[in-house]
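The values are calculated or read from the model by the stated rules, or taken from the named source; none is laboratory data. Since we're looking at a predicted model, the values are computed, not measured. Note that we place each Cβ from the backbone using ideal geometry, even for glycine, and neighbour counts take in every protein chain shown. The accessibility values were calculated without ligands, DNA or RNA, using every heavy atom of the protein model including side chains. Shrake-Rupley method; radii C 1.70, N 1.55, O 1.52, S 1.80 Å.
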Amino acid sequence: RPRFDLKYRIPPHAMRYTLPNNYSSQKIYQPLVFPNGTSQRLPQTIIIGVRKGGTRALLEMLNLHPDVTAAESEIHFFDWEENYAKGLQWYGKQMPLSYPRQLTVEKTPAYFTSSEVPERIYNMNKTTRLLLILRDPTERVISDYTQVFFNRMQKHKPFQSVEEMLIRNGRVNLDYKAVNRSLYYIHMQNWLKYFPLSQIHIVDGDQLIKEPFPEMEKVERFLMLSPRINASNFYFNKTKGFYCLRDGVRERCLHESKGRTHPQVDSTVLNKLHEFFSEPNRKFFETVGRTFDWH
Ligand SMILES: Nc1ncnc2c1ncn2[C@@H]1O[C@H](COP(=O)(O)OS(=O)(=O)O)[C@@H](OP(=O)(O)O)[C@H]1O
């Protein structure tokens, strides 16, 4: 066995003097291996966001691959202090059982915009392959608004119109978190302090809506998975207005909270948003060396 494996068998207090300065006891994770070879492995790939980018669709589509297992719910390990404090053992226990040949993936859309997360993922495993799904920033803001609007409406809480939220004193309201989340280049810079661009695959969320298969082929290639996802895994459902998934005989669409009708937004407000995002978008394209078909 390679020598470094030893570190997983020696208790941390006994290793104090041989460990590097930046060592964190959180690095130790020992999953229980069942007789059939399955265990709850830490994710080798993480869908880091963006919120409302299409993270659920991406996770479910990736999960069609036989060599992928996905954590069902959003774990919020790296962005919620109370979870992070529970350590890697806790994180590992949130993962599905997998065979050694399988990749484990989790998605928490808030990771992308949480400044402390890149370093924490790096500390867990600097070879983690990151998936980032992005959508036209203006569309994303409106989707974000729509989600909060629905939640508040369901709870019979008051809500403001999208225009009131977006515009303050005639300008785009930077205090509105949804606007900040769409400033992709700012958040991307945090990730690039820890991960090379080659380790972050950006999925075009607008394309994933229109034509999921080619986007998923790119994801397979990035993750070095054999090409097992097929065009026949997707079919367009007219009632839903989106592609749904076919896995053998099983057909299913995403939950009704995915693909909601957005409110009609005043055209001057929309134009202001498009104008507002044009410079941040340009900076983002420059940062990642790639352009997207955004307004
Ligand atoms: N196939 C398919 N079916 C349904 N919805 C799809 C699909 N592909 C992408 N999308 C888009 O995913 C958007 C929701 O994004 P997320 O899953 O990232 O949202 S969340 O942050 O987890 O709440 C969701 O945003 P809204 O349209 O605003 O509801 C969808 O546009």
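Before moving on, here are some points about what is shown:
- Rolling a 1.4 angstrom probe over the protein heavy atoms with all chains in place gives region 30-101 an accessible area of 43 Å² per residue.
- Projecting the Cα atoms of 222, 274, 185 onto the dipole axis of the chain, where Lys and Arg carry +1 and Asp and Glu carry -1 at the beta carbon, places 222 farthest toward the positive end.
- Helix 137-154 vs. the chain, principal-axis angle (Cα, 0 to 90°, nearest 10): 90 degrees
- The C-alpha atoms of the chain define a longest principal axis, and helix 212-222 lies at about 30 degrees to it.
- Of the GluC sites (Glu not before Pro) in region 69-145, the ones in a loop by DSSP (not H, G, I, E or B) with at most 13 other beta carbons within 10 Å are 72, 116.
- All-pairs alpha carbon distance profile, region 174-245, 10 Å steps from 0, percent: 16, 33, 31, 19, 1
- Value at 222 nm in deg cm²/dmol, rounded to 500, when DSSP H runs of n ≥ 4 in the chain each add -39,500 (n - 2.57): -10000 deg cm²/dmol
- Within region 131-149: backbone nitrogen closer than 15 Å to the residue 262 label point (7 Å, Cα to C-beta): 134-149
- Kirkwood radius for region 148-295, taken over all pairs of different Cα atoms as the inverse mean of 1/r, rounds to 18.5 Å.
- Highest-first packing order for the peptide set 172-178, 49-55, 206-212, 232-238 is 49-55, 206-212, 172-178, 232-238, based on the mean count of other beta carbon atoms within 10 Å.
- Among 229, 46, 167, the residue with the largest mean-square fluctuation in a Gaussian network model of the chain, with springs joining Cα atoms closer than 10 Å, is 167.
- Using C-alpha pairs below 8 Å separated by at least 6 residues, the relative contact order for the chain is 19 percent.
- For the chain, the longest principal axis of the C-alpha atoms and the axis of helix 267-288 are separated by about 30°.
- Altogether, the Stokes-Einstein calculation at 37 °C and 0.692 mPa s, with the Kirkwood radius of the chain over Cα pairs as Rh, returns a diffusion coefficient of 157 µm²/s.
- Across q = 0.11, 0.15, 0.17, 0.21 Å⁻¹, region 80-223 modelled as identical point scatterers on its alpha-carbon atoms has Debye log10 I(q)/I(0) values of -0.56, -0.99, -1.18, -1.39, in the order of the q list.
- Kirkwood-based shape ratio for region 79-165, expressed as Rg/Rh from alpha carbons: 1.07
- Restriction of the GluC sites (Glu not before Pro) in region 206-295 to DSSP coil positions whose beta-carbon has at most 14 other beta-carbons within 10 angstrom yields 256.
- Accessible-area composition of the chain, carbon plus sulfur, in percent [1.4 Å probe]: 51 percent
- Taking the Cα centre of region 166-295 as origin and assigning +1 to Lys and Arg Cβ atoms and -1 to Asp and Glu Cβ atoms, the resulting dipole is close to 280 debye.
- Debye, to nearest 20: dipole size of the chain, +1 on Lys, Arg Cβ, -1 on Asp, Glu Cβ: 860 debye
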